[in-house]
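The values are calculated or read from the model by the stated rules, or taken from the named source; none is laboratory data. Note that the structure is a prediction, hence the values are computed from the model and not measured. Note: ideal-geometry Cβ built from the backbone for every residue, glycine included; neighbour counts use all protein chains shown. What goes into the accessible areas is simple: the full protein's heavy atoms, side chains included, and nothing from ligands, DNA or RNA. Shrake-Rupley method; radii C 1.70, N 1.55, O 1.52, S 1.80 Å.
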Amino acid sequence: QVQLVESGGGLVQAGGSLRLSCATSGLTFSVNGMGWFRQAPGKEREFVAAFTRNSANARYADSVKGRFTISRDNAKNTVYLQMSSLKPEDTAVYYCVVRTSYGLTTRGADYDYWGQGTQVTVAS
């Protein structure tokens, strides 16, 4: 059974930092991409960041480029999202995702597994 469990969310002041973690288990098949999406209240779900299996290629949403960094620890089967210089507009539920097909994509429908999400709230 595939499980993606996010943690690390919380309340932070604007300009602050948070690191989200996504602990994975049950991924016995080939994983070709991992990433993060977010959804703010009343808004559509949006892509945040993703990288390919070997982490050689990463893509970021323009709104977070230069502030967020996606990384992984293979020994711990964990993916991270380091978020810095946070803004109130970063407030959302953040979801960890896994893709089994090849290719780096920003479409939510292209990801096969989703975590339950972790809330990030940035106060102004």
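Grab the beta carbon distance between residue 11 and residue 100, set R0 = 41 Å, and tell me the FRET efficiency rounded to 0.05.
The value I calculate is 0.75.
Taking a straight Cα-Cα cut-off under 23 Å and skipping sequence neighbours fewer than 8 places away in the same chain, the lysines within cross-link reach of residue 65 are 43, 87. In order along region 40-57, the Karplus-derived 3J(HN,Hα) couplings, from 6.51 cos²θ - 1.76 cosθ + 1.60 at θ = phi - 60°, round to 8, x, x, 10, 6, 5, 9, 5, 10, 6, 7, 9, 7, 3, 8, 6, 6, 10 Hz, and Gly and Pro are given as x.
Considering only Cα atoms, the convex hull volume of the chain works out to 95 Å³ per residue.
The candidates 63, 124, arranged from most to least accessible area with a 1.4 Å probe in the full protein assembly, appear as 124, 63.
Over all Cα atoms in region 45-94, the spread is summed up by Rg and Dmax: 11.5, 34 Å. Of the whole protein surface, residue 34 contributes about 10 Å² of accessible area at a 1.4 Å probe radius. Taking amide H atoms as placed 1.01 Å from N in the peptide plane, the amide H of residue 72 lies under 5 Å from those of 80, each 5 or more residues away in sequence or on another chain. At a Förster distance of 30 Å, what's the computed FRET efficiency of residue 28 paired with residue 124, Cβ-Cβ distance as r, to 0.05? Plugging the Cβ-Cβ distance into 1/(1 + (r/R0)^6) gives 0.10.
Stretching the chain fully between residue 107 and residue 56 yields a gain of 16.4 nm (0.36 nm per residue, less the alpha carbon separation).
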